[in-house]
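Below: the structure, in structure tokens.
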């Protein structure tokens with residue numbers, strides 16, 4: 001069976017913006033279908049802040065594969081073993097939070113790719129090959145090319161090390177977690193603050209220098225979005241299941257009640 005392709009990674013290679021559908025609460029396999037129907041590139045399954053079990057997360061990943069929506073999972077900090085199980089069972093990308101140093105980034109690149117690019121263990125034909133992979137060497141090389149590794153920078157230490165992190169082979173996206181970063185800076189939630197703007201500029205310069213994609217999380221205001229996309233942000237989330245429901249339901253209720 002043919003390998004499922006990572007369309008998100010291909011669009012990023014073309015310099016395009018990719019937009020994710022965040023999932024915190026939806027457990028139904030309809031979630032990736034809804035993500036596809038609304039034009040999203042990838043599904044961001046949040047195991048750091050959402051309450052997903054491994055079983056639930058992997059079922060969503062497998063359900064996403066035939067839709068063309070890339071299943072990407074954010075794990076908890078340090079959960080390398082959990083991330084490799086997700087990759088074996090349908091995930092095509094891992095978002096790893098709280099990456100502060102180049103050494104941590106190298107550990108991710110090693111853990112999530114097969115030899116010779118890394119030291120990921122082979123657990124048999126994986127879900128993204130429909131459990132019918134060709135010979136192991138061919139399959140491992142092909143899978144290595146499809147997997148995305150996203151390193152999240154969420155501290156001032158991480159921003160200071162942005163150039164070294166972006167230089168690590170095997171890291172595809174370097175992504176600022178804006179809420180945690182601004183919280184550490186003492187400017188929680190101030191997405192247009194000069195210190196956050198400076199942090200994004202530092203990362204943008206590092207990504208441009210090393211040929212990496214800049215990601216941005218927690219940026220929702222249109223003015224802020226325009227600013228950071230202009231700097232080079234390409235890996236974005238446009239909202240999550242709960243935020244979509246709350247905003248759309250509120251707007252609809254206000255419209256209907258305003259009719260009388």
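For this structure, a couple of remarks:
- Taken as Cα centroids, the stretch 147-175 and the stretch 1-41 sit 22 Å apart, rounded to the nearest whole angstrom.
- Separation of alpha-carbon centers, the stretch 81-113 and the stretch 182-218, rounded to whole Å: 21 Å
- Computed on the chain, with alpha-carbon pairs under 8 angstrom and 6+ residues apart, the relative contact order is 19 percent.
- Choice from 61, 76, 207 with maximal GNM fluctuation in the chain (Cα, 10 Å cutoff): 76
- Linear extension gain, residue 10 paired with residue 223, 0.36 nm per residue minus alpha-carbon span: 73.9 nm
- Top of 137, 77, 199 by mean-square fluctuation, Gaussian network on the chain, Cα under 10 Å: 137
- In the chain, helices alone account for a calculated mean residue ellipticity at 222 nm of -13500 deg cm²/dmol, with every DSSP H run of four or more residues adding -39,500 (n - 2.57).
- Diffusion constant of the stretch 7-257 at 4 °C, which comes from Stokes-Einstein with the Kirkwood Cα-pair radius and 1.567 mPa s, µm²/s: 70 µm²/s
- Residue of 17, 143, 187 that the Gaussian network model of the chain assigns the largest fluctuation, springs spanning Cα pairs under 10 Å: 187
- Computed FRET value (nearest 0.05) for residue 243 with residue 137, which takes r as the C-beta separation and R₀ as 45 Å: 0.55
- For residue 30 and residue 145, the FRET efficiency from 1/(1 + (r/R0)^6), where r spans their Cβ atoms and R0 equals 30 Å, is about 0.50.
- Annotation: the residues 168, 99, sorted from fewest to most other C-beta atoms within 10 Å of their own C-beta, follow the order 168, 99.
- Likely footprinting exposure, 92, 214, 231, 191, fewest C-beta neighbours within 10 Å first: 231, 191, 214, 92
- Among 138, 222, the ranking by other beta carbons within 10 Å of each residue's beta carbon, starting with the fewest, stands as 222, 138.
The numbers here are math on the coordinates, done by the rules we state, and not lab data. As the structure is a prediction and not an experimental result, all values here were calculated from the model. Because the Cβ atoms are built from the backbone with ideal geometry, glycine has one as well, and the counts that use them run over all protein chains shown.
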